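To start, the structure under review is shown below, and the notes come after it.
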There are 2 protein chains.
Amino acid sequence: VLGRAGISFRCQCLQTSSHFIRPVHFADIQMIPAGPHCINLEIIVKLKSGQKVCLNPRANWVKMIIERLLNKQKD
Amino acid sequence: VLGRAGISFRCQCLQTSSHFIRPVHFADIQMIPAGPHCINLEIIVKLKSGQKVCLNPRANWVKMIIERLLNKQKD
């Protein structure tokens, strides 16, 4: 359920996957911080195929990939 | 320009902001990895107001907030 301006009013992910997906397939990564609408941080990756996958935010490879993306930026 | 399945074909951000925004205002954070469509990693935050802001992926506070979100997840 997306409310005004696409702000979610409940958790978007019914379940999450911990299976590794090669980042080369990622079109984008959406992080939805926990809040009144949902107690979990949600990480939803959109693949280049258009498919969306809810990732387990506790999975180490998910954290590693996001940190690597951030740190690849030359200062 | 969003192509099939909402996959971007060029950079989404014409400019980015390094000004601190309190994460309490974030509805979600979208990370678009660099690729053939755009040489930059792009980080677009959607605020609860519905407004979208392109953040500077090199800004330390941006990296800190994303890492804090990830590490807040109890293992």
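When you scan segment B:40-59, how many residues do you find that are more than 9 Å from chain A (Cβ to nearest Cβ) and without any contact (Cβ under 8 Å) to a residue 12 or more places away in the chain?
The qualifying residues number 1.
Name the single residue, out of those in segment A:25-50 being over 23 Å from B:P23 (Cβ atoms) and touching a Ser or Thr at 6+ places or on another chain (Cβ under 8 Å), that is surrounded by the fewest Cβ atoms within 10 Å (Cβ to Cβ).
Among them, the one singled out is A:H25.
Exactly one of these conditions fails for B:I29: (1) farther than 14 Å from A:K46 by Cβ; (2) within 14 Å of the chain's Cα centre (by Cα). Give me its number.
(1)
Return only the number of the condition from (1) closer than 18 Å to B:S17 by Cα; (2) buried (at least 16 other Cβ atoms within 10 Å of the Cβ); (3) at pLDDT below 95; (4) among the hydrophobic types (A, V, I, L, M, F, W, C) that B:V53 does not satisfy.
(3)
Within segment B:63-75, count every residue that is within 8 Å of chain A (Cβ to nearest Cβ) and surrounded by 14 or more Cβ atoms within 10 Å (Cβ to Cβ).
6
Can you tell me which residue among A:R10, A:R22 is out of contact with any Lys or Arg (no Cβ under 9 Å at 6 or more places or on another chain), more than 7 Å from chain B (Cβ to nearest Cβ), modelled with pLDDT under 95 and loosely packed, with under 11 Cβ neighbours inside 10 Å?
Within the list A:R10, A:R22, the selection yields A:R10.
Within segment B:27-75, work out how many residues are hydrophobic (A, V, I, L, M, F, W, C) and touching a Gly at 6+ places or on another chain (Cβ under 9 Å).
Adding up the residues that qualify gives 1.
The values are calculated or read from the model by the stated rules, or taken from the named source; none is laboratory data. Since we're looking at a predicted model, the values are computed, not measured. Ideal geometry is used to build each Cβ from the backbone, glycine not excepted, and the neighbour counts take in all protein chains shown.
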